[in-house]
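For reference, the structure discussed in these notes is given below.
The values are calculated or read from the model by the stated rules, or taken from the named source; none is laboratory data. Please read all numbers here as calculations on a predicted model, not as lab measurements. Note that we place each Cβ from the backbone using ideal geometry, even for glycine, and neighbour counts take in every protein chain shown. With ligands, DNA and RNA removed, areas are computed over all heavy atoms of the protein, side chains included. Shrake-Rupley method; radii C 1.70, N 1.55, O 1.52, S 1.80 Å.
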Amino acid sequence: MVCPLWPIHIVVMYVLTLCPVWFLCTGVASAFAQATWNLTFSPSKIDQLVEQTDRTVTIWTGAPLGPDYSDGKLEIDVSDQTIARVTNSSFSDDSNPSVIYLNTSSMLTSLPLNLSFALRGKFLGYTSVTVRATDGASNPQKVLKSDPLSVSVIRRPTIEDKVFIYAVAILMGLNYVNMGSTLDMDVVKSTLKRPIGPLVGILSQYIFMPLISFALAYTMFSVPALRLGLFTSGCSPGGGASNMWTYLLGGNLNLSVTMTFFSNVFAIGKS
């Protein structure tokens, strides 16, 4: 019996056979074209680089690049230029400090590489730095790429930040003292006699809210810091503002006060 797909099935089998081979060949070729470079950074990681300050980074290799790269260049690549940037480096042109042309000095290719550059923090966040060496061709055939150097940038501490933090801490403390002073335990006991409402609130706050925030964080953001921030917000207990909104919207104020009390107690227990 003749196959109903004849002769199309021959073409399909041919394509299915050659596709894995093609992907394998291109993957190996790209791996050879951009090999990992055994380059060392000092320091090996930049933590808490303050905004608008510089940190000197030294790079070196155990062996020279060789004559194949004598007309090439080194590129110091910062993955996110809004977080940090290269301000100056050895053997580079001041107009573009992130690019070092190797033909400016024979020692760059004849001796083990040892040079430094300054990295300036620009904005709060995380980024990485890689160094890439290419030959002099317009379409580089030989490329060496280092492993990334992790960089974290923090805000410059200011007097305004300290005043804001202390003011918020004092206001929040007064708010919780006020809520504790007005809390009527008889109201809490009467609410607990119908435990369905508090039970639903506790399950929502400590199971469903963290799970929903975790799912939303992975769906909406690709930056780990933003994911962590949204997940932390989903795990935070309700504050006194919930009581105000409950009162303004005509909700069950007794249940809201009870939930605020127990959510903060459970939050202390979980921490």
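Can you figure out the FRET efficiency of residue 162 with residue 235, using R₀ = 25 Å and their beta-carbon distance, to the nearest 0.05? Step by step, r from the Cβ atoms, then E = 0.40.
Please give the FRET efficiency for residue 223 paired with residue 184, using the beta carbon to beta carbon distance and R0 = 45 Å, rounded to the nearest 0.05. Plugging the Cβ-Cβ distance into 1/(1 + (r/R0)^6) gives 0.50.
Whenever you get a sec, compute what percent of the accessible area on the range 114-174 sits on carbon and sulfur atoms (1.4 Å probe).
Details: 2410 of 3840 Å².
Ligands and nucleic acids excluded, carbon and sulfur reach 63 percent.
Across the range 184-195, computed HN-Hα scalar couplings (Karplus, 6.51 cos²θ - 1.76 cosθ + 1.60, θ = phi - 60°) run 9, 5, 5, 5, 4, 5, 5, 5, 6, 5, 10, x Hz from first to last residue, x flagging Gly and Pro. Positive-end ranking of 149, 221, 134 along the dipole of the range 120-271, with charges on Cβ about the Cα centre, is headed by 134.
Shown is the FRET efficiency for residue 91 and residue 40, computed with R0 = 25 Å from the Cβ-Cβ distance and rounded to the nearest 0.05: 0.90.
Calculate, in nm to one decimal, what residue 126 and residue 214 gain on full extension: separation in residues at 0.36 nm each, minus their alpha carbon distance. Write down the numbers at each step before the final one.
Numbers: separation 88, 0.36 × 88 = 31.68 nm, distance 2.05 nm.
Gain on stretching residue 126 to residue 214: 29.6 nm.
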